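Here the structure is laid out as structure tokens; the discussion comes afterwards.
The values are calculated or read from the model by the stated rules, or taken from the named source; none is laboratory data. Values in this document were obtained by computation on a predicted structure and should not be read as measured data. In this analysis, Cβ positions are derived from the backbone assuming ideal geometry, glycine residues included, and neighbour counts consider all displayed protein chains.
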Amino acid sequence: MSRLILVVGVGRSGTSLLSGMLGQLGFHIPQPEVKADDTNPRGFGEPRWVVDFHTRLLRELRVTLNDARPAAWESTGATADDAAVYGELSRWLGSQLAEADALVVKDPRTVWFLDLWMRSAAEHGIETSFVTMLRHPAEIVASARKSYGPGLTTAGRASAWINLMLQTEYATRGAPRAFVGYEALLADWVPEIRRIGTLLGSAPLAGLDRETHPEVDAFVDPTLHRNRVGWDELDVPARVRDLADDVWAQVQTLAEPDGDTPAAAPALDEARAAYRTLYAEAEAIAQSSVMAGRIRPKATARAAAPAPASLRVRLARRVPVRYRRRLRRALGSVRRRS
């Protein structure tokens with residue numbers, strides 16, 4: 001049976017590291033890949049087609065990559081029932097199976113379209129599993145701000161982390177999955193990859209031998225973990241920070257041996273409900289700011305408009321430019337004689 005591993009998680013959490021490692025351990029990363037840059041010097045491990053596909057859908061749905069709105073999931077989830085979108089992804093997946101029967105796909109945008117991916121994979125008989133990377137939200141916020149600039153406030157990025165992490169956990173329940181800590185993967189990647197293999201039912205990963213993969217040792221660079229910060233260095237409201245810490249503690253439990261059990265679900269469901277309440281309150285409070293941003297000045301623009309041109313000026317404008325100088329000389333001569 002063909003196998004697909006979807007590497008999910010919030011951007012800057014180590015998803016590129018894991019995707020690159022799986023690519024070196026026998027899983028095919030569909031080509032071409034997004035080119036490395038200063039924000040990810042060792043590569044993103046992202047198929048170019050997938051990134052473009054997701055980016056286009058998010059733009060059409062008016063949803064951003066780090067969207068903090070709980071309601072945004074309704075828009076993106078509906079794509080699973082869109083025949084055109086579903087067909088597009090299904091055809092691409094079919095073309096990739098001709099290249100390899102073990103695929104790894106990573107893109108932080110994937111989380112918005114998990115139902116679409118699972119339906120398309122099921123059509124081709126692909127066994128789909130998920131690996132979610134975990135990194136402290138304060139570090140993710142700091143890393144994103146450094147790499148991508150101040151497009152979002154730190155509070156907005158922290159809220160988006162809560163929204164994305166909770167939905168990722170919820171949407172992957174019941175499927176083969178593994179949660180992996182970024183620090184644990186950097187510290188000693190072998191036991192983490194073996195644990196992933198065991199949880200996902202991949203014998204090659206579960207029984208890998210470090211000695212046969214020196215290229216992975218060279219690829220894993222602990223110095224890449226540069227943004228080691230806490231909440232004290234970030235301007236995040238206390239309620240957002242406290243809820244993020246609560247969610248962080250709960251998802252870390254899922255990465256422990258025998259930690260991902262149905263017993264963990266109720267507390268995560270409560271956190272998701274608490275975040276929806278918090279966001280709804282913030283939307284209600286900020287309504288005046290939203291309305292102010294939509295108001296366009298009208299009367300002041302008219303008052304500042306210049307006075308209309310005189311009749312003489314308007315008539316002069318009708319005379320071709322090449323004749324105006326002659327006309328001015330002729331009129332000047334008439335005035336002098338009079």
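A few points about this structure:
- Residue, nearest to the chain's Cα centre (by Cα), within region 199-255, restricted to residues that are under 30 Å from residue 154 (Cα atoms) and among the small types (Gly, Ala, Ser): 244
- Candidates are the residues of region 1-20 that are aliphatic (A, V, I, L, M) and buried (at least 23 other Cβ atoms within 10 Å of the Cβ); the one that is farthest from residue 244 (Cα to Cα) is 4.
- Of all residues in region 179-189, those satisfying the criterion of being out of contact with any Gly (no Cβ under 7 Å at 6 or more places or on another chain) and either assigned to a helix (DSSP H, G or I) or without any contact (Cβ under 8 Å) to a residue 60 or more places away in the chain (or both) are 183, 184, 186, 187, 188, 189.
- Within region 136-155, the set of residues being more than 13 Å from residue 39 (Cβ to Cβ) and hydroxyl-bearing (Ser, Thr, Tyr) comprises 153, 154.
- Candidates in region 122-161 are the residues that are in a helix (DSSP H, G or I), among the charged types (D, E, K, R) and at pLDDT 90 or above; of these, the one that is surrounded by the most Cβ atoms within 10 Å (Cβ to Cβ) is 157.
- Counting the residues of region 194-250 that are assigned to a helix (DSSP H, G or I), acidic (Asp, Glu) and more than 21 Å from residue 138 (Cα to Cα) gives 3.
- Of the residues making up region 235-279, those that are buried (at least 18 other Cβ atoms within 10 Å of the Cβ) and of a type in the set (Asp, Glu) number 1.
- Single condition residue 77 does not satisfy, out of (1) in contact (Cβ under 8 Å) with a residue 12 or more places away in the chain; (2) in a loop (DSSP other than H, G, I, E, B): (2)
- Yes/no for residue 60 being closer than 19 Å to residue 2 by Cα and exposed (fewer than 15 other Cβ atoms within 10 Å of the Cβ): no
- Meets criteria (hydroxyl-bearing (Ser, Thr, Tyr) and free of Cβ contacts under 8 Å to residues at least 40 places away in the same chain) for residue 55: no
- Residue among 83, 78 that alone is over 28 Å from residue 276 (Cβ atoms), surrounded by fewer than 18 Cβ atoms within 10 Å (Cβ to Cβ) and modelled with pLDDT of 95 or more: 83
- For residue 41, the conditions (1) modelled with pLDDT of 95 or more; (2) surrounded by fewer than 17 Cβ atoms within 10 Å (Cβ to Cβ) are fulfilled apart from (1).
- Residues of region 67-96 satisfying the condition of being closer than 11 Å to residue 112 by Cα and hydroxyl-bearing (Ser, Thr, Tyr): 75, 76, 79
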